[in-house]
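Here the structure comes first, spelled out in structure tokens, and everything after it is commentary.
The values are calculated or read from the model by the stated rules, or taken from the named source; none is laboratory data. Because the structure is a prediction, the values reported are computed rather than measured. A quick note on method: Cβ atoms are made from the backbone with ideal geometry, for glycine too, and the neighbour counts reach across all protein chains shown. For accessibility, only protein heavy atoms count, side chains too; no ligands or nucleic acids. Shrake-Rupley method; radii C 1.70, N 1.55, O 1.52, S 1.80 Å.
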Amino acid sequence: MNWKRSLLAILTVISMYSVFFSLSQSLGEPQVQSQLELYQTNLILNASSLNQSSNPLISDSGNIGNITESLIGTDPYAVAQAQYEKALKVTEDSLHDLDIKNKSILETGEVIASESPRQQLKQNITQNKKLINNLNIKLGIISAKNNKLNIANNYWLNISDQELKKVLTNIWNKELIIDDKAEEIVNKKLDGWFQLNTLAQLYEHQNDQVKLSEIKLQQKILAEKSVYRLFILSIIPVVGGLVGFGLIIFLIIQLAIKKQTSILATNYNQIWQSPWDWETIWQVFIVGFFFLSQVLLPLLFGLSGFNPSGLGIKGKALYVLISYFFMAGGGLLVLYLSIKSFFPLPEGWFKLTHKKWYLWGIGGYLVAIPSVFLVSILNQQLWQGRGGSNPLLLLALESQDKFALAIFFITASIAAPIFEEIMFRGFLLPSLTRYLPLWGAIIASGVIFAIAHLSLAETIPLATLGIILGIVYTRSRSLLASITLHSLWNSGTLFSLFVLGSKIN
């Protein structure tokens, strides 16, 4: 068996190198959370039109005006300015780090194992430059709308698009001569709140009351739809968070009073009997998870010459689903072959259902909402908008295709919860109880679960979620309970991304 251990050691080194390389790469990447905040900021800007007393159309907006201020705050422009400035700083810092790394590679002749990381580096630099340009455009318009033209002009000086720079400067500074194609350029290169407010400024300058009235009507409709969308986005975190926080308080009080008979003490003393040792655990996760997902599958796709970056959103969604099925299928096969010799397994292993499993799943989800939210606030202060994110989030955010969204749902809300719960809660957590106390196994499996997602910025929030999943599984003794929690969490995230990313017509 020495050859087997030697092979496992080699695969471990290769896999861990790939994992740590991916984690280090994520350090220089912006979080999707920063973009989510900008999408929500745009909704706030749209909704702010309802609070503008100068708008003659808001008098018939009904009860919607009563909730607008609570959703957008008293100074939406200041909020928007702060969010966009934060995003600009994060992106500029990220570009600075990427430029240094690229320069280092060119000067030292650093050898990269494949061309893919080098291409990814160049792509990240290009994307960051494009994003910085876009942020300067929008920051300038926000400043101009807030009557800070000097600041606006400074932002527009950094725009690479000379045509748009000239048009914006002329319109907002009310120059006597404005390009005849100004309206066409604004419609082509701007959208949403930024487009409508720039057009309103143009028509006001041209004294075109007909077009100005049309724009104000569009602003009103867009504002009302944005308020409804902000309200929908607040339902899950606010209502779920309040219920979840109340549930946490109840469980803590009950644990303090009843102790051994409390809900949290359910099945606490029932420990799994693990028939395999650390080598089997190591083999399943190194070969069946990390090596397969981080080395073998990317290598096979690379050798095939297939490049998913050139695909449309439907193609990328299918690619994500197919590659995930290959990873999950291979991982489950390795798991089966690794523990096959131990069949029949002791009582309690991989048990799908138990009494009231659905209550554990739903209750765990409600508890996870405020828990992960509070941890995420602290986490944002730590990483300051950097540290990378799951690339699937960005794809789902930008997707407007129902077919692609359905595929993302199958991947994130069905396939991922089933596979990951079998691996992390069904196998890893009980296996670790052979070497660790139950609470130690819950924490360790949660941390490994977080690391497996390969995003430094998401490690702490995902570890928190993983620990809650572990608690739910150990107390309910039901994989369906943790699968339900996991599925609800991913579904809620996808729903929020869909609401944020879909355009308002």
Q: List every residue pair whose Cβ atoms lie under 8 Å apart, where the two residues are 6 or more positions apart in sequence or sit on different chains, the first residue falls within segment 425-452 and is under 22 Å from VAL372 (Cβ atoms), and the second residue, located anywhere, is basic (Lys, Arg).
A: SER445/ARG425
Q: Scan segment 78-107 and report the pairs whose first residue is within 11 Å of LYS129 (Cα to Cα) and whose second residue is in a helix (DSSP H, G or I) and open to solvent by 60 Å² or more (accessible area, probe 1.4 Å), with Cβ atoms within less than 8 Å and a gap of 6+ or a chain change.
A: LEU95/LYS129
(Q) Being open to solvent by less than 30 Å² (accessible area, probe 1.4 Å) and farther than 21 Å from TRP360 by Cβ is true for just one of SER478, SER496, SER502. Which residue is that? (A) SER502
Q: Go through segment 266-292 and give me each residue that's in contact with a helix residue (DSSP H, G or I) (Cβ under 8 Å, 6 or more places away or on another chain), open to solvent by 20 Å² or more (accessible area, probe 1.4 Å) and closer than 19 Å to ILE471 by Cβ.
A: THR266, ASN267, TYR268, ILE271
**Q.** Per-region count, segment 79-98, residues under 19 Å from SER143 (Cβ atoms) and out of contact with any strand residue (DSSP E or B) (no Cβ under 7 Å at 6 or more places or on another chain)
**A.** 12
Q.
Which residue is most open to solvent (accessible area, probe 1.4 Å), if the candidates are limited to segment 242-265 and must be among the β-branched types (Val, Ile, Thr) and over 15 Å from ILE471 (Cβ atoms)?
A. ILE257
Q: Tell me which residues, restricted to segment 156-179, are open to solvent by 60 Å² or more (accessible area, probe 1.4 Å) and assigned to a helix (DSSP H, G or I).
A: GLN162, GLU163, LYS166
Q: Answer yes or no as to whether ALA182 is in contact with a helix residue (DSSP H, G or I) (Cβ under 7 Å, 6 or more places away or on another chain), within 22 Å of ASP93 (Cα to Cα), without any contact (Cβ under 8 Å) to a residue 40 or more places away in the chain and open to solvent by less than 80 Å² (accessible area, probe 1.4 Å).
A: no
Q) How many of the residues in segment 138-155 are crowded, with 19+ Cβ neighbours inside 10 Å and either within 30 Å of the chain's Cα centre (by Cα) or not in a helix (DSSP H, G or I) (or both)? A) 7
Q) Got a sec? Which of VAL287, VAL243 is more than 30 Å from ALA9 (Cβ to Cβ), modelled with pLDDT of 90 or more and not basic (Lys, Arg)? A) VAL243
Q: Select from segment 221-259 the residues that are more than 19 Å from GLY192 (Cα to Cα) and polar (S, T, N, Q) and write down the one among them that is farthest from the chain's Cα centre (by Cα).
A: GLN254
Q: Identify the residue in segment 205-248 that is without any contact (Cβ under 8 Å) to a residue 24 or more places away in the chain and of a type in the set (Gly, Ala, Ser) and, among all such residues, is nearest to GLY492 (Cα to Cα).
A: GLY246
**Q.** Of all residues in segment 446-462 being of a type in the set (Gly, Ala, Ser) and at pLDDT below 95, the one that is surrounded by the fewest Cβ atoms within 10 Å (Cβ to Cβ)
**A.** ALA452
Q: Could you identify the single residue in VAL367, VAL375, VAL295 that is surrounded by 17 or more Cβ atoms within 10 Å (Cβ to Cβ) and of a type outside the set (Phe, Trp, Tyr)?
A: VAL367
Q | Exclusive hit being under 25 Å from GLY363 (Cβ atoms) and not charged (D, E, K, R), set SER274, SER304, SER262 | A | SER262
**Q.** Among the candidates ILE67, ILE14, ILE10, residue that is surrounded by 14 or more Cβ atoms within 10 Å (Cβ to Cβ), part of a helix (DSSP H, G or I), among the β-branched types (Val, Ile, Thr) and at pLDDT 85 or above
**A.** ILE14
